[in-house]
1. At 7 Å along the Cα-to-beta-carbon direction for both His92 and Ile120, put a label point, then send me their distance in nm to one decimal.
2. Ranked from highest to lowest mean number of other Cβ atoms within 10 Å per residue, what is the order of the peptides 80-87, 119-126?
3. Once R0 is set to 22 Å, what does the formula 1/(1 + (r/R0)^6) return for the Cβ-Cβ distance between Glu11 and Ala57, expressed as a FRET efficiency to the nearest 0.05?
4. Can you tell me how the chain classifies by the Cα gyration tensor, rounded, prolate or oblate, using a/c under 1.5 as the rounded cut?
5. Which angle from 0 to 90°, rounded to the nearest 10, does the C-alpha axis of helix 10-27 make with the longest principal axis of the chain?
6. Hey, what number do you get for the chain at 222 nm if only DSSP H runs of n ≥ 4 count, each worth -39500 (n - 2.57), divided across all residues, to the nearest 500?
7. List, in order, the whole-Hz ³J(HN,Hα) value for each residue of region 86-94 obtained from phi through the Karplus relation with A = 6.51, B = -1.76, C = 1.60 and θ = phi - 60°; use x for Gly and Pro.
8. Subtract the Cα-Cα distance of Leu110 and Arg20 from 0.36 nm times their separation in residues, and report this length gain in nm to one decimal.
Amino acid sequence: MNDPSLAGTDEDHVRQVLERWAFTTRTGPQAEVLANHAPDALIYDVLPPMKYEGVAAYRRSWDEWQPDTKDEGQFALRDLAVVAGSDVAFAHCFIQCGGTLPDGEIFEDLVRATFCLRKIGGAWKVTHQHVSKPVEPSGDD
């Protein structure tokens, strides 16, 4: 997927890395989810502790927040925009996520994400990932 001999632009390769991340997150092969992240990636996520220094720390948190769903669930990148130079790239998008919990309850959410990538050893690697959700105004002024 990250082979520099593949046809396509750097933007295409970055898009493939991020789409692969979304696919593996959705379908569950956990060993592959962070395959295209640098080991020392800094990851900000929606749920506490919100800051993970390195993929090992992020991976350890999965059982605490990864919902158990009846099916593969939904985890899709929307409006993905990518800008890539020869060795640095950034991207941003929305992530539509959701699924059906074992008790039949359906959940759905929309979050936003930003990614910074570097070309390391000829392959694009995520070095920073920031997933967030805007705070809903309460209407109580």
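1. Calculated label separation equals 2.4 nm.
2. Numbers: 80-87: 13.5, 119-126: 16.2.
With the highest mean Cβ count within 10 Å placed first, the list reads 119-126, 80-87.
3. Working: r = 29 Å, r/R0 = 1.34.
The formula returns an efficiency of 0.15 here.
4. Details: a/c = 1.73, a/b = 1.53, b/c = 1.13.
Since a/c reaches 1.5 and a/b is larger than b/c, the shape of the chain is classed as prolate.
5. The angle comes out at about 30 degrees.
6. Details: 4 runs with 32 residues, N = 141.
The helix contribution divided over the chain gives -6000 deg cm²/dmol.
7. Result, rounded to whole Hz: 6, 9, 9, 8, 9, 8, 8, 6, 9.
8. On the way: separation 90, 0.36 × 90 = 32.40 nm, distance 1.89 nm.
Residue separation times 0.36 nm, minus the Cα-Cα distance, leaves 30.5 nm.
Values quoted throughout were computed directly from the atomic coordinates according to the rules given, and no laboratory measurement underlies them. Nothing here was measured: the structure is a model prediction, and the numbers come from that model. Virtual Cβ from ideal backbone geometry, glycine too; neighbours counted across all protein chains shown.
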